[in-house]
Amino acid sequence: MTDWKELLFEAAERVQRVAKKSSAERERGRVVGIGASGDKTLVVDRDAEKEILESLSGVPRLRVISEEKGDFGGKDSEFTAIIDPIDGSSNFGRAIPFYCVSIGITKGSQLSNAAYAIVRNLVNGDTYYAERGEESSKNGRPIRTSSETDIAESVVGIDLSRAEEGTIIALAPLVSKVKRQVHFGANALELCLMAEGKTDAFVDVRGKMRIVDTAAAYLIGREAGAVFSTSSGSELKPALELEERFGFVASANATIHGKILGLLRQERPSVRRS
Ligand code: IPD
Ligand code: CA
């Protein structure tokens, strides 16, 4: 039987070594091609993915969905590894210290079948891990989402990068009411900040999220107590395909989740001109 925990920790450790080496190089943001998901591939993306795939190479009949190399191994496999070798590549290239590796394992063809997950902060080594039905942990200690229910006191991650104008306008009621709106540029790691109670929600309704950025942190968040849905409140059910793009709202608890969804449904505010 596969020891997923051991494999995932080994893969994350190997990526950590690659990231350390690459970050010491002068051209840390060097582009070496275009990945299967359509984004530019940096040296570190390519090398990190190679380490992960080598770590998983002994697993029989494994489907892999990975940002750079794409989808292979067969859809009838029992397990699927969903990999973002480096989430926050743009931060990595600019030496902004916020990026991670993200690997989720599903048993079945739905995100809700996520069974094992690891996200490792490659700047400080903090490692988030989850197994379905078990508590999520950070560096071996259990983590829990926050119990904040007051929007006015909340710290909420909101990804507005390349969002369409209409999306930004729809987010205005929420942005104007939270205590702090934050976004650091690596959504998997930002979901882990929510999972450990540092932020109270993470909202990405741009319709640009990919399964590779989401699968691992989804399980880590869910097992730590987070609630996930689409922006209209329905179940989050993205297809496990590299081409899939979607949006979601993830919150620390059901009460604040309901309030956030309510704010997203509010009428467009009129623009005040001075
Ligand atoms: C990106 C980051 C970023 C988000 C982008 C993602 P990448 O992942 O998570 O925060 O705004 O949509 O693509 O490209 O660094 O793996
Ligand atoms: Ca990436």
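Throughout, read-outs are computed from the coordinates displayed, never taken from laboratory work. These numbers come from a predicted model, not from an experiment. Cβ sites come from the backbone with ideal geometry, for glycine too, and all protein chains shown count toward neighbours.
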Item to complete: For the range 236-253, just list the computed ³J(HN,Hα) in residue order, Karplus coefficients 6.51, -1.76 and 1.60, θ = phi - 60°, integers in Hz, with x standing in for Gly and Pro.
Response: 7, 9, x, 5, 7, 9, 5, 7, 5, 10, 7, x, 6, 10, 10, 10, 5, 7
Worksheet item: Which FRET efficiency, nearest 0.05, do GLU10 and ALA254 yield, Cβ-Cβ r, R0 45 Å?
Response: 0.80
Discussion item. I want to check the label-to-label distance for PHE72 and GLN110. Put each point 7 Å from Cα in the C-beta direction and report it in nm to one decimal.
Written reply: 3.0 nm
Fill in: Cα-based reach from LYS259 at 21 Å (exclusive), listing lysines while leaving out same-chain residues under 8 positions away
LYS177, LYS179, LYS198
Response to the item:
Quick calc: nm separation of the 7 Å Cα→Cβ label points for ARG162 and VAL32 -> 2.2 nm
Discussion item. Just to confirm my numbers, what's the Cα centroid distance between the range 107-142 and the range 17-81 in Å?
Written reply: 18 Å
Item to complete: Give me D for the chain in µm² s⁻¹, whole number, from Stokes-Einstein with Rh from the Kirkwood sum over alpha-carbon pairs, 4 °C and 1.567 mPa s.
Response: 69 µm²/s
Practice prompt. Answer with one residue from THR214, TYR99, LEU264: the one whose Cα lies farthest towards the positive end of the charge dipole of the chain, charges on Cβ with Lys, Arg +1 and Asp, Glu -1.
Written response: LEU264
Item to complete: Kindly provide the helix-only [θ] at 222 nm of the chain, computed as the sum of -39,500 (n - 2.57) over DSSP H runs of four or more divided by all residues, to the nearest 500 deg cm²/dmol?
Response: -9000 deg cm²/dmol
Worksheet entry | Cross-link partners of LYS50 among lysines (Cα-Cα below 17 Å; sequence separation of 8 or more within a chain) | LYS20, LYS21, LYS40, LYS69
Practice prompt. For LYS138, list the aspartates and glutamates whose Cα falls under 13 Å from its own Cα; do not include residues on the same chain fewer than 8 positions away.
Written response: ASP126, GLU196, GLU223
Discussion item. Can you compute 3J(HN,Hα) from phi for each residue in the range 44-51, using the Karplus curve 6.51 cos²θ - 1.76 cosθ + 1.60 with θ = phi - 60°, rounded to whole Hz and x for Gly and Pro?
Written reply: 5, 4, 5, 6, 5, 4, 4, 4
